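We did not get these values from a lab; they are worked out from the coordinates using the rules stated. Computed from a prediction, not measured in an experiment: that's the story for all the values here. Note that each Cβ is placed from the backbone with ideal geometry, even for glycine, and that neighbours are counted across all protein chains shown.
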């Protein structure tokens, strides 16, 4: 049951981060932080499907994490859900077309090794 919750948390977290990145790339390239434009930005963002989907994914991730903490130790839950970093690095390259440096790939590999140690 714990690993199923970890998978749900990772999937929801990855979906959230990917949706936010895609949504923000489709929005204005710069943000004016003065009160008027900032208020209009928030209103515009909350009418976007990407933002609403992102909020839903965050909610799923949060409540699944709460459920995981009921049945597993924090020292297991937090490192196990770090698998999202590995998947997000891969999707940043494949879906978003980002340039991922060798150092970032090495970092993702180290995180993957840590998650694998938890699974053993």
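In this simple spin-label model, placing a label point 7 Å from the Cα along the Cα-to-Cβ direction at both residue 56 and residue 7 gives a separation of 2.1 nm. Sum -39500 (n - 2.57) across every DSSP H segment of at least 4 residues in the chain, then divide by the residue count to get the 222 nm mean residue ellipticity, nearest 500. About -27000 deg cm²/dmol. The fraction of Cα-Cα pairs per 10 angstrom bin, counted from 0 for segment 2-119, comes to 13, 35, 31, 18, 4 percent, rounded to whole percents. Mean separation of Cα pairs under 8 Å and 6+ residues apart, divided by the residue count of the chain: what relative contact order is that in percent? Worked out over the chain, it gives 36 percent. Net length available on complete extension from residue 72 to residue 110 is 11.4 nm, with 0.36 nm assigned per residue and the Cα-Cα distance removed. Placing pseudo-labels 7 Å out from each Cα toward the beta carbon at residue 63 and residue 103 gives an inter-label distance of 4.1 nm.
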